[in-house]
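The values are calculated or read from the model by the stated rules, or taken from the named source; none is laboratory data. Only a predicted model underlies this, so the values are computations on that prediction, with no experimental measurement involved. Note: ideal-geometry Cβ built from the backbone for every residue, glycine included; neighbour counts use all protein chains shown. Protein only, heavy atoms only, side chains kept; ligands, DNA and RNA dropped before computing areas. Shrake-Rupley method; radii C 1.70, N 1.55, O 1.52, S 1.80 Å.
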Amino acid sequence: MKDARTLAFYDAEAHAYAAQSKQAGRLRDFIAALSTDARVLDLGCGAGADSAALRSAGFGVVSVDASAGLAAEAKRLWDIDVRVLEFGQLDYADAFDGVWASASLHHAPTETLPDIFARIRRAMRAGGHFHATLKAGGADRRDALGRFFCAMDEEALATLVADWRDVRIERHQGSGYDGVATPWLWLRAVA
């Protein structure tokens, strides 16, 4: 995430955001797809609820978020150490059996997504599972809270994972922290 306004929102609202964070419903499917000794990257971990669930499932978890405020909440709430870095700084190679990116990648500028997805792929071991959820939208935009969201639809998302296996993209209606109804894209793919 390179957008200063979005990052400032999460830093300033970290405590309130953490209080309303819920565990993602698709997390159970992701956990079931992995072996019990898997090493997982929670990319854009927010306040750490999903990282905590992944750790409770027995996985070795590395948690990453660009917001120092949310990293502090993850430590306070779940005793999770979060590596504070932006998606474009992801520097792992052949390190993870799974990457979980729930409601995070949509904050990246559209033009940076090919590089970010290449970094995610490089971070994964062969056969690793990737799950991402992103808000759909035809253009780059900001919500009423000032957060940036990239342009994303099924075709654009499919292009980003064109060389992956077992790609599945689904569209569902939902909402987010702002409570506004919005379409979401759910991606599952295998490295």
Handout entry: Positions within the range 125-137 being surrounded by fewer than 21 Cβ atoms within 10 Å (Cβ to Cβ) and over 15 Å from the mean Cα position of the chain (by Cα), in sequence order
Key = R125, A126, G127, G137
Handout entry: Near pairs, Cβ below 6 angstrom, 6+ apart or cross-chain, from the range 96-112 (closer than 14 Å to A47 by Cα) to any residue that is of a type in the set (A, V, I, L, M, F, W, C) and modelled with pLDDT under 95
Key = S102/A24
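Identify the residue in the range 50-95 that is of a type in the set (A, V, I, L, M, F, W, C) and in contact with a Phe, Trp or Tyr (Cβ under 8 Å, 6 or more places away or on another chain) and, among all such residues, is nearest to D37 (Cα to Cα).
First pass over the range 50-95, keeping only residues of a type in the set (A, V, I, L, M, F, W, C): 52-54, 57, 59, 61-62, 64, 66, 68, 70-72, 74, 77-78, 80, 82, 84-85, 87, 90, 93, 95.
With in contact with a Phe, Trp or Tyr (Cβ under 8 Å, 6 or more places away or on another chain) added as a condition, the list becomes 52, 54, 62, 66, 70.
Values: A52: 16, L54: 11, V62: 14, A66: 27, L70: 27 Å.
For the range 50-95, the residue satisfying everything is L54.
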Problem - Every pair of residues 6+ apart whose Cβ atoms lie under 7 Å, when the first sits in the range 165-179 and is of a type in the set (D, E) while the second is loosely packed, with under 10 Cβ neighbours inside 10 Å - result: D178/A144
Fill in the blank from the handout: Exactly one of A158, A189 is modelled with pLDDT of 95 or more, assigned to a helix (DSSP H, G or I) and open to solvent by less than 70 Å² (accessible area, probe 1.4 Å), and that one is A158
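Can you tell me which residues in the range 114-124 are closer than 19 Å to I169 by Cα and buried (at least 22 other Cβ atoms within 10 Å of the Cβ)? First the steps, then the outcome.
Within the range 114-124, the first condition is being closer than 19 Å to I169 by Cα, and the residues that meet it are 114, 116-118, 120-121.
Correct list: F117, I120.
If you check G176 against the conditions, is it assigned to a loop (DSSP other than H, G, I, E, B), surrounded by fewer than 21 Cβ atoms within 10 Å (Cβ to Cβ) and either at positive phi or in contact with a Lys or Arg (Cβ under 8 Å, 6 or more places away or on another chain) (or both)?
Numbers: assigned to a loop (DSSP other than H, G, I, E, B): yes; surrounded by fewer than 21 Cβ atoms within 10 Å (Cβ to Cβ): yes; either at positive phi or in contact with a Lys or Arg (Cβ under 8 Å, 6 or more places away or on another chain) (or both): yes.
When the stated conditions are applied, G176 passes them.
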Problem - Residue ID - farthest from W186 (Cα to Cα), chosen from residues in the range 4-28 that are open to solvent by 90 Å² or more (accessible area, probe 1.4 Å) and modelled with pLDDT under 90 - result: H15
